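Comments concern the structure below.
All of the numbers you see were taken from the coordinates with simple rules; none came from a lab. Treat the numbers as computed from the prediction; the structure is a model and nothing was measured. For neighbour counting, all protein chains shown are included, and Cβ atoms are generated from backbone atoms with ideal geometry for every residue, glycine included.
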Amino acid sequence: MTPEEIGARLVELVAGEPSVSGGNDHARATVDVAPVRWAEAVRVARDDAALACDFFDWLSAVDELDEGFAVVAHLWSTSHHHGLLLRTRVPRAEPVLDTVVPIFPGAAWHERETHEMFGVDFAGHADLQPLLLPPEFEGHPLRKEFVLASRVAKAWPGAKEPGESEAGTAKRAPMRPPGVPAPGEWGPA
């Protein structure tokens, strides 16, 4: 099936929702669904014989500022060798989606990470506990309004900041993480 046919098939199966659209934006089938159809679209993509998306690849989010959060999942068909990109957008004020863990248990980690980093809640998820950050951490670091404290406390040593010019920046030697030897100290050349 072509990406257009894959997208059209899923749109046909998740009928009755005007915000469902299929396309080929990213060289693979890309389907936008309403948040209320999120879990249904994932289930249909897995269970339909023509789609047979039996492999859950990943799930994450993108902060779209005023437009809310775009939640994206990539599914793959191991039998038909095609991918499907499912997208939905949840409002910034109340970012909630149904969990897809009952459909793909491997989504549990991805939903926990998305909850922790973006603040998107997954209704029905049994354990949205911190995954990567310490329990006392406050905020969601991948939201665009999150202020990186290290950038406030210490100037960024890397690439130029917006507004800086070549004349105003000192040339620095490349920085190495602690414990990494200099290139000449790696051993025999």
For Asp47 and Asp66 in the same chain, what is the full-extension length gain: residue separation times 0.36 nm, less their Cα-Cα distance, in nm?
3.4 nm
Tell me, rounded to the nearest percent, the portion of alpha carbon pairs in the stretch 3-132 spaced more than 26 Å apart.
16
So what's the net charge close to Val100: Lys and Arg +1, Asp and Glu -1, counting the other residues with Cβ under 11 Å from its Cβ?
-1
